[in-house]
Amino acid sequence: MIQRKLLGAAIAGLVAMSASMAMAAGDADAGKKVFNKCRACHKIEAGAGNGVGPNLHGVVGRKAGTAEGFKYSKAFQEADFDWNDENLHQYLEDPRKFLPGNKMAFPGLRSEEDRDNVIAYLEAESK
C-alpha cells in the first residue's frame, strides 16, 4: 500500500515537473527579438531603473508588484503571488484578463511560441 502511494506521488511529481519544463522550453535568442516589442516600456538590464513599466530584470521568482521604485496599480499592489513560468505565460497572453485592473496597455502576445521565448529570455537575462 505504501509503495502504491509513493509511486503515485512520484508520478504526480514527474507530471508537474514536465509541465513546468514545457513552459520553459522557449528559445532565449528568439525571445530577445520578441522582447523588442516590450522595450518601449520595460528595461531588463540590472540597475537600469524603470521605464513606463517596471524593470523586468529578475522578474522570474519575484513577488508581483515589487520592482523597486515603480508605482504599481492597486491590482498589483494587492497581488499575492510570485512570477513563474506558468503565470507569466498566462499574463503575457492576456494581461487584463489575468489581473483585472492592472495598467499595462499592451494587449498580450497571441503566439504561444512567442510567450515561451520571451519567458526563456527573461529567465536568461535575470541570471
Scan segment 56-98 for residues that are in a helix (DSSP H, G or I) and either touching a residue at least 40 places away in the same chain (Cβ under 8 Å) or at positive phi (or both) and jot them down.
D85, E86, H89
From the list D82, D116, which one is in contact with a Gly (Cβ under 7 Å, 6 or more places away or on another chain), within 21 Å of K127 (Cα to Cα) and surrounded by fewer than 17 Cβ atoms within 10 Å (Cβ to Cβ)?
D82
Hey, could you check segment 22-54 for residues that are assigned to a helix (DSSP H, G or I) and either among the small types (G, A, S) or closer than 24 Å to T66 by Cβ (or both) and say which is nearest to the chain's Cα centre (by Cα)?
M23
Could you please find all residues in segment 86-113 being surrounded by fewer than 17 Cβ atoms within 10 Å (Cβ to Cβ) and among the charged types (D, E, K, R)?
E86, D94, R96, K97, K103, R110, E112, E113
Can you name the residue in segment 56-79 that is in contact with a strand residue (DSSP E or B) (Cβ under 8 Å, 6 or more places away or on another chain) and among the charged types (D, E, K, R) and is also farthest from Y121 (Cα to Cα) among such residues?
K63
Would you tally the residues in segment 99-123 being part of a helix (DSSP H, G or I) and more than 12 Å from the chain's Cα centre (by Cα)?
3
So in segment 40-79, with the set limited to residues that are under 14 Å from M104 (Cβ atoms) and of a type in the set (D, E, K, R), which one is surrounded by the fewest Cβ atoms within 10 Å (Cβ to Cβ)?
K71
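Where a number appears in this text, it was derived from the coordinates with a stated rule and is not lab data. None of the values given here were measured: they were computed from a predicted structure. Virtual Cβ from ideal backbone geometry, glycine too; neighbours counted across all protein chains shown.
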